[in-house]
Amino acid sequence: MKRKRYPTILLLEDGTQYHGWSFYNSLKSTGEVVFNTGVTGYQEIITDPSYAEQIITFTYPEIGNTGINEEDNEASKIYIKGIIAKNISNKPSNWRHKINLIDYLIQKKLPHIFGIDTRALTKHLRNYGVMNGCITDNIMNIKMIEEIMNKTSSIMENQLVNKVATKSLYTFVRTHKNSGIYSHLHQKTPFENNYLFHIAVIDLGVKNNILSRLINYNCKITVIPANSNYETIKQLQVDGILLSNGPGDPSSMTDIINNVKKIIDCCDIPIFGICMGHQILSLALGAETFKLKFGHRGLNHPTGMNQQAEITSQNHGFAVKLNSSFNKQLAISHFNLNDSTIAGIVHKNKPIFSVQYHPEASPGPHDSDYLFNHFIYLIKQSKIKH
């Protein structure tokens, strides 16, 4: 079926324009324009809460080849502000797909532009850094759009976490659907309520895949709001805590940082941080963060140390800065081998560790999955100790 195409423009805040097409009109969407270098995984990227308020450029020349299925969404709601692509396939080929990407974009009214030179756009963002942009079909009204972009913050501080995180506590329930995803990595356990461990996930914008990975270890999972304090954790009587991924500037989330600091001081249980969780944990332990020029977003980021490397999935615009805290209570466990930024930390005296990437993803394909096993091991050792 041939669909009508509408002239569309991408305008960057520095005045650079890219002209392309979209599959519906009446477009106007503003956000921070970033790029992702992954060859696959566009459905997970589109539904990842960590991309809230961002317009995503896919550097791979064609997306949509496997359509959209019902299992791979990372959240029930879409938080991105749009996508940018060179080509979008209208003939997906995959046994799991339920709808093609074009129909999905139209159905969700997701702003998009295709047919532009995404290589030129990516080089521009690498040279000048990520910046605000606007997707619109109203080419005659560019001056008004520039005014909108000038008023729009590239990162809306902790409002982004408030937008994507749960507002109330809930239990992530074991089902046949979410338990079997990683069955080839860990022995499946019966569908029963005899859980081995109780884990609290502090939701900063958690991906479904993280919860599914913990489910496969037969853990009871309680997802709690981002601003949950020590008293909440104490009442739950959990065996471990996971700080999830999420969007925004970590240094602006002072209330969350202070809560995590008190949890660390008052609780002697294992804590695992992923991506934003890694940054919040580092800040609570005295480290600092800074914004990267164009971020790390893709499936092929090498991380490691001492002649050992993992291929990791990453999605973040901020990183942890090396300072005096690492001489006192923190040690670096991983570096990003592309730019030598910190990619993992461990606490020298407490069962606390975190990584600046996504071990629940499968780019290596499973280079980093051992981190979940290590988290469970720490919980077991902690229970033996007490």
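The values are calculated or read from the model by the stated rules, or taken from the named source; none is laboratory data. The structure displayed is predicted, hence computed values, not measured ones. Positions of Cβ are backbone-derived with ideal geometry, glycine not excepted, and every protein chain shown enters the neighbour counts.
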(message) Being more than 24 Å from Ile210 (Cβ to Cβ), out of contact with any His (no Cβ under 8 Å at 6 or more places or on another chain) and not β-branched (Val, Ile, Thr) is true for just one of Lys28, Lys98, Lys81. Which residue is that?
(response) Lys28
(request) For Leu330, indicate whether it is in contact (Cβ under 8 Å) with a residue 40 or more places away in the chain and among the hydrophobic types (A, V, I, L, M, F, W, C). (result) yes
(request) Please work out which one of (1) crowded, with 19+ Cβ neighbours inside 10 Å; (2) under 24 Å from Asn138 (Cα atoms) is the condition Gly64 fails and give its number. (result) (2)
(message) Looking only at the range 258-290, filter to residues that are in a strand (DSSP E or B) and free of Cβ contacts under 8 Å to residues at least 60 places away in the same chain; which one of those is nearest to Gln329 (Cα to Cα)?
(response) Glu288
(request) Would you mind stating whether Asp239 is closer than 16 Å to Ser382 by Cβ, at pLDDT below 95 and more than 18 Å from the chain's Cα centre (by Cα)? (result) no
(message) I'd like to check something: does the range 113-124 contain any residue that is aromatic (Phe, Trp, Tyr) and more than 19 Å from Ser29 (Cα to Cα)?
(response) no
(request) For residues that are in contact with a Leu (Cβ under 9 Å, 6 or more places away or on another chain) and part of a loop (DSSP other than H, G, I, E, B), tally how many sit in the range 208-235. (result) 6
(request) Could you grab me the full set of residues in the range 331-386 that are outside any loop (DSSP other than H, G, I, E, B), out of contact with any helix residue (DSSP H, G or I) (no Cβ under 8 Å at 6 or more places or on another chain) and among the aromatic types (Phe, Trp, Tyr)? (result) Phe335, Tyr370, Phe375, Tyr377
(message) Of everything in the range 46-65, what is under 14 Å from Arg297 (Cα atoms) and in a strand (DSSP E or B)? Give them in sequence order.
(response) Gln54, Ile55, Ile56, Thr57, Phe58
(message) Can you tell me which residue is nearest to Thr47 (Cα to Cα) among those in the range 270-293 that are among the hydrophobic types (A, V, I, L, M, F, W, C), in contact with a strand residue (DSSP E or B) (Cβ under 7 Å, 6 or more places away or on another chain) and surrounded by fewer than 24 Cβ atoms within 10 Å (Cβ to Cβ)?
(response) Leu292
